[in-house]
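Below: the structure, in structure tokens.
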Amino acid sequence: MLKPLKPQERIRVRDKFFSLYISKERIDETVSGIARLIDHDYAGKTPLLLCILNGAFIFASDLVRKLETPCEISFVKYSSYHGMESSGKINRLIGLSENIRSRDVIIVEDIVDTGNTMAKLLDDLKQFEPSSLRIACFCFKKEAFRENFAIDYCGLVIPDLFVVGYGLDYDGSGRNFPDIYQLDKTLL
Ligand code: IMP
């Protein structure tokens, strides 16, 4: 029988060290709590979960498996490309294949930091006139938040730390750790 992997206290991702911050057990309890709230609020409905790639893929896959409410899931992401405009970088929402008009949409995001990304996403999605639009977010850096939208289902409020694991990356790496780690500043 396969033994569960023992969480490492300290990990290295690329050129940085990180220390264990949120255990996978705590993550599991947190996701279960969010699922129970959604089950309660969406009884009799079939919400469409919109997973924001790349970071939210693990959270979204755990969340859908804990939901008792029938639901659908779809995946979107922001692409950035350099257009002809002088402004340079343009972020465009790609992958929205479902018609979300009149649907109960729940955005599933890994982390809200300043909130800029989510504020833009809310604007982009509202123009498709969903019947309701809510946010489920695993981590929320309340101290860094600069916007004024509400997070309907918030997993954990964390300080303004840089974290990796459970889908969150440092320069593309570290998403696969089952626990969440914080940047170890003492080792820099
Ligand atoms: P915001 O627009 O400032 O809210 O940033 C949101 C995005 O930044 C998230 O979707 C993540 O991709 C990324 N991000 C913010 N904080 C962290 C972190 O601590 N670790 C990894 N990615 C982060």
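The values are calculated or read from the model by the stated rules, or taken from the named source; none is laboratory data. Not measured: the values here are computed from a predicted model. Here the Cβ is made from the backbone with ideal geometry for all residues, glycine too, and neighbour counts use every protein chain on show.
How about the range 53-75: which of its residues are of a type in the set (V, I, T) and either farther than 16 Å from C137 by Cβ or touching a helix residue (DSSP H, G or I) at 6+ places or on another chain (Cβ under 7 Å) (or both)? Let's see the steps before the verdict.
Step one: of the range 53-75, the residues of a type in the set (V, I, T) are 58, 64, 69, 73.
Of everything in the range 53-75, those that are of a type in the set (V, I, T) and either farther than 16 Å from C137 by Cβ or touching a helix residue (DSSP H, G or I) at 6+ places or on another chain (Cβ under 7 Å) (or both) turn out to be T69, I73.
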(request) Evaluate the following for Y78: is it surrounded by 15 or more Cβ atoms within 10 Å (Cβ to Cβ), of a type outside the set (A, V, I, L, M, F, W, C), within 16 Å of the ligand (Cβ to nearest atom) and modelled with pLDDT under 95? (result) yes
(request) Just give me the residues in the range 95-117 being in a loop (DSSP other than H, G, I, E, B) and more than 23 Å from G174 (Cβ to Cβ), in sequence order. (result) G95, L96, S97, E98, N99, I100, R101, S102, R103
(request) Identify, by number, the condition in (1) modelled with pLDDT under 95; (2) out of contact with any strand residue (DSSP E or B) (no Cβ under 6 Å at 6 or more places or on another chain) that E9 doesn't meet. (result) (2)
(request) Mind listing whichever residues of the range 113-126 are at pLDDT 95 or above and polar (S, T, N, Q)? (result) T114
(message) I'd like the residue in the range 118-166 that is assigned to a helix (DSSP H, G or I) and surrounded by 16 or more Cβ atoms within 10 Å (Cβ to Cβ) and, out of all such residues, is nearest to the ligand (Cβ to nearest atom).
(response) M118
